[in-house]
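Have a look at the structure below before the remarks.
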Amino acid sequence: MKLTAVIRENGLALLPLILVLLLWEVTAGYVIKNSLFLPRFSAVIASIYTLRNLLVPDLLTSLYHFGIGLTLAFALALPLAIVMGWFRPVFRAVDPIIEILRPIPPLAWIPLAIVWIGLNDYAAGFIIFIGAFFPILIDSYSGFRDVPRVLVETGMVLGCIGHKKLIRHVALPYALPAIATGTRVGMGVGWMCVVAAEMFGVGNSGLGYRLFQKFYFLHQMDYVIAYMLVLGLLALVLDRMFRYFVEERLFRWKRGIVK
């Protein structure tokens, strides 16, 4: 009975995807009939196989850039979120600066990244850091700022005296879901910035660099879309891994006892 339910659930999830792929194949082959505008899905799959020796190094390079930026963003955003969310004077002092910098697109930082750091992996990581930093910061400090006063007072009654203990034992556990949400959003924005940074040559390698510098100018659109699919699939894998380990494991208590 359970196996039948799993098959039915997965089948319902895969059906729209299969229909889209079939529509893509038919439209590209019998309606558009021009691979420059839209290659067939089958041709894109063949291109992925042809490019298999390039894909793995490019994929690892992009993951390296992503890891640099996301790690730096989380390491700086979380401490700043704690002091902004917990201490009102700090929030009032820092918030105007954040609101001035936050609307600036990460792409606008690319010239400065090249001048400050050069065309290397760390410049690509810097662009990803810019994209991921603000979503993590905003959601995280909102979580700390919204801690109910009754929880703070209860913690003080139970012996949490001082800001350090209150933050550790009361505010941080309460804010963890908000931190997780901001991190997930930051991962998505950061992954889009991976492609943007590499497309402009920052890092001189990676999925975005290969897609734009090597294939686009040669009008190899089946290769371009192949790399686009790999980018989307990898983003899906990263998101599912994060949701599994954080939402399904760390925050299992939020779903209650009964599934």
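Across the options V31, V157, Y227, the greatest Cα extent toward the positive end of the charge dipole of the chain (unit charges at beta carbon of Lys, Arg, Asp, Glu) belongs to V157. Ordering 114-120, 226-232 by mean Cβ neighbour count within 10 Å, with the highest value first, yields 226-232, 114-120. 3J(HN,Hα) along the stretch 162-178: x, 5, 4, 5, 5, 5, 5, 9, 10, 5, 4, x, 5, 7, 4, x, 5 Hz, from the Karplus curve 6.51 cos²θ - 1.76 cosθ + 1.60 with θ = phi - 60°, whole Hz, x for Gly and Pro.
Classification of the stretch 108-227 by its C-alpha gyration tensor yields a prolate form. The axis ratio a/c (a ≥ b ≥ c) is 1.5 or more, and a/b outweighs b/c. Neighbours of V230 by Cβ distance under 11 Å: Lys/Arg scored +1, Asp/Glu scored -1, total +1. Summary of packing: across the peptides 68-79, 126-137, the per-residue average of other C-beta atoms within 10 Å ranks them, highest first, as 126-137, 68-79. Working note: Karplus 6.51/-1.76/1.60 with θ = phi - 60° gives the stretch 120-132 the couplings 8, 4, 6, 5, 4, x, 5, 4, 5, 4, 4, x, 8 Hz, where Gly and Pro are set to x. Across all Cα pairs in the chain, the calculated P(r) in 5 Å bins from zero up to the longest distance comes to 1, 6, 10, 12, 13, 13, 12, 11, 9, 6, 4, 2, 1, 0, 0 percent per bin. Computed about the Cα centre, the dipole magnitude for the chain is approximately 780 debye when only Lys and Arg (+1) and Asp and Glu (-1) carry charge, each at its Cβ.
A simple rule links phi to the HN-Hα coupling: the Karplus curve 6.51 cos²θ - 1.76 cosθ + 1.60 with θ = phi - 60°, which for the stretch 109-114 gives 8, 4, x, 5, 4, 5 Hz, with x for Gly and Pro. Potential lengthening of the chain between R243 and M228 amounts to 3.1 nm, from the contour at 0.36 nm per residue minus the alpha-carbon distance. Remark: relative contact order (the chain) = 24 percent; criterion is Cα-Cα distance under 8 angstrom and separation of 6 or more residues. The length gained by stretching the chain between F87 and L236 to full extension, at 0.36 nm per residue less their Cα-Cα distance, is 50.0 nm. Of the residues E25, E99, the one with the fewest other Cβ atoms within 10 Å heads the list, and the complete ranking is E99, E25. Using the rule -39500 (n - 2.57) for each DSSP H run of four or more residues, divided by the residues of the chain, the 222 nm mean residue ellipticity is -23500 deg cm²/dmol. Spin-label pair L76-V94: with each label point 7 Å from Cα along the Cα-Cβ axis, the two points sit 1.2 nm from one another. If the segment from L19 to L54 were pulled out straight at 0.36 nm per residue, it would be longer than the present Cα-Cα gap by 9.6 nm.
Where a number appears in this text, it was derived from the coordinates with a stated rule and is not lab data. Predicted, not measured: the structure shown is a model, and the values here were computed from it. Because the Cβ atoms are built from the backbone with ideal geometry, glycine has one as well, and the counts that use them run over all protein chains shown.
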